[in-house]
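Input: a single structure, listed below in structure tokens.
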Amino acid sequence: MYYIEGDKQLEQFSNILASFWWAVTTLTTVGYRDIFPITAAGKVISRIIVLLGIGLVALPNGIIGAGFMTKVDEKSKRESDKKCPHCGKVIN
């Protein structure tokens, strides 16, 4: 992004580290909207980076969270199976 936007926006993409900061915030879908591309090529690359952020960060987090909740539900079901269905006392 530095090589595409650097000569058009010297203040925002002033060096590689500033461009890297933009890429990290865009990839993690935080996007502070303080820096954004204005050229057509920059906008295309930013859309690709946003899609990669959703695919590499957000989507796996949802899958991992759903798996975690499944394990928690299974554990609570196993613990409830150890109780008597009539009186509710714990079966040894």
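The values are calculated or read from the model by the stated rules, or taken from the named source; none is laboratory data. Every value quoted in this text rests on a predicted model; they were computed, and no experiment measured them. Glycine also receives a Cβ, built like all others from the backbone with ideal geometry; neighbour counts cover every protein chain displayed.
Which residue out of Ile63, Ile4, Ile49, Ile35 is on the phi < 0 side of the Ramachandran plot, surrounded by 12 or more Cβ atoms within 10 Å (Cβ to Cβ), of a type outside the set (D, E, K, R) and under 19 Å from the mean Cα position of the chain (by Cα)?
Just one listed residue meets the conditions, Ile49.
I'd like the full set of residues that are crowded, with 17+ Cβ neighbours inside 10 Å and either over 16 Å from Ile49 (Cβ atoms) or polar (S, T, N, Q) (or both), limited to the range 10-19.
Gln12, Ser19, listed by residue number.
With touching a residue at least 40 places away in the same chain (Cβ under 8 Å) and in contact with a helix residue (DSSP H, G or I) (Cβ under 8 Å, 6 or more places away or on another chain) as the only criterion, which of Ile49, Ile38, Ile16, Ile45 stands out?
Just one listed residue meets the conditions, Ile45.
In the list Lys71, Lys43, which residue meets the criterion of being modelled with pLDDT of 85 or more and exposed (fewer than 13 other Cβ atoms within 10 Å of the Cβ)?
Lys71
Exactly one condition in (1) among the small types (Gly, Ala, Ser); (2) surrounded by fewer than 10 Cβ atoms within 10 Å (Cβ to Cβ); (3) in a helix (DSSP H, G or I) is false for Gly88; which is it?
(3)
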